[in-house]
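Worksheet: one structure, shown below.
The values are calculated or read from the model by the stated rules, or taken from the named source; none is laboratory data. None of the values given here were measured: they were computed from a predicted structure. All Cβ positions, glycine included, derive from the backbone under ideal geometry; neighbour counts span all protein chains shown. Side chains are part of the model used for accessible areas, which takes the heavy atoms of the whole protein and leaves out ligands, DNA and RNA. Shrake-Rupley method; radii C 1.70, N 1.55, O 1.52, S 1.80 Å.
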Amino acid sequence: MRIFVYEHITGGGMLNNPKVAALAPEGEMMLRALVDDLTAIPGVEVTALRDPRLTGDMPATIHAVRTSEEFWPVFRRAAGQADAVWPIAPEQDGILAGITREVIRCNRTLLGCRPDAVEIAASKRAAAETLGRAGVPVIPVYAEENGVPPEVKEIVVKPDDGAGCQDTRLFQDRDELRNWLQAHPDPKWIFQPFVRGDSGSLSMLCCNGRARLLACNRQKVLITGGAFRFDGVSVNAIPDSNGRYTELASRLAYALPGLWGYCGVDFIESFHGPVVVEVNPRLTTSYAGLHRAIGLNPAELVLCLPGSLESSNDPKRGSRTIDVELIHAV
């Protein structure tokens, strides 16, 4: 089986974007972890796209993308030579949804979430509405600052289609928030009450409305000068002793049946229990430490869906916590 792994940041999708230097380390981390896991499976060959400005060898056939004009021809050629495509891309600006549709147009097996689930998860408003209707605890989302109930004093502002801590800010004063919005107008801003608690995430397998929780992770999120920053994650650090995270994963998959393969979910462990922040319909940073943390090859579990939803099929394994740290560009 030949699998084309496309990681957007390192794979030529940001050739003309000055942010590539800051974002490449995280993308590279996920890409290398996935390629290592796939090449460890007998009979699997891996191909990948590569921004030629990035160095480093990997056990994959590389297709270089040197200009933005040649991106799609190179992508389609790599997809056409593969049996399946595993996309890793941000939801922002419809990037992941566009890549997902292109894989389907190329008539190749998509090793990722279906377009309908990607589009819902890409919008924090749409995701909150969908999950809320299904009874999943989720932080409410408001399209306007004046839509936030007046008793809410601490408000988080972020792009509707942003990922993680990207452009996310906390305001404790409404006048300060309104002044900031005047200086930074953008119709994509959404507003949420700030929920106090520890930041966590779920690493899960999804298939046809069912889920299997692989690990519950402790996120390292700092707020400095009102700006949120993600510094890394301790994979498999939170035990699921009472099964509530397994239950949350199951409810999420049922609410979004188009989720397929590896997915991540960010949540806050509030006073009342876990509350969902966002759904990531793709690989997340936690994947970089997942194999070592759970003693199983998560890429192989994805290829074995739906049978791998049952943990009783697993070999005996160890379990530990793995720290994955991010180095931010200065």
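Here D161 fulfils each of the conditions (1) over 20 Å from the mean Cα position of the chain (by Cα); (2) more than 30 Å from R292 (Cα to Cα); (3) in a loop (DSSP other than H, G, I, E, B) apart from (1).
What about V44, is it in contact with a Leu (Cβ under 8 Å, 6 or more places away or on another chain) and over 23 Å from T284 (Cα atoms)? Against the criterion (in contact with a Leu (Cβ under 8 Å, 6 or more places away or on another chain) and over 23 Å from T284 (Cα atoms)), V44 does not qualify. Pairs are defined by a Cβ separation below 7 Å, a sequence spacing of at least 6 or placement on different chains, a first member in segment 91-102 that is hydrophobic (A, V, I, L, M, F, W, C), and a second member that is in a helix (DSSP H, G or I); the pairs so defined are L96/V118; L96/A122; A97/P115; A97/V118; A97/E119; A97/A122. Of all residues in segment 224-273, those being among the aromatic types (F, W, Y) and open to solvent by less than 20 Å² (accessible area, probe 1.4 Å) number 3. The number of residues in segment 164-189 that are touching a helix residue (DSSP H, G or I) at 6+ places or on another chain (Cβ under 9 Å), hydrophobic (A, V, I, L, M, F, W, C) and open to solvent by 30 Å² or more (accessible area, probe 1.4 Å) comes to 2. Every condition in (1) farther than 23 Å from T224 by Cβ; (2) outside any loop (DSSP other than H, G, I, E, B); (3) of a type outside the set (V, I, T) holds for F191 except the one numbered (1). Annotation: of all residues in segment 274-312 being over 14 Å from L214 (Cβ atoms) and either of a type in the set (D, E) or surrounded by fewer than 14 Cβ atoms within 10 Å (Cβ to Cβ) (or both), the one that is modelled with the lowest pLDDT is S312.
The residue of segment 41-53 that is nearest to K158 (Cα to Cα), among those that are outside any strand (DSSP E or B) and open to solvent by less than 50 Å² (accessible area, probe 1.4 Å), is D51. Considering segment 1-31, and only residues there that are part of a helix (DSSP H, G or I), open to solvent by 20 Å² or more (accessible area, probe 1.4 Å) and without any contact (Cβ under 8 Å) to a residue 60 or more places away in the chain, the residue that is nearest to I104 (Cα to Cα) turns out to be E28. With the structure loaded, tell me whether G112 is over 29 Å from E26 (Cβ atoms) and at pLDDT 95 or above or whether it fails that test. No: the conditions fail for G112. R196 fulfils the conditions (1) part of a strand (DSSP E or B); (2) under 18 Å from G273 (Cα atoms) except for a single criterion, (1).
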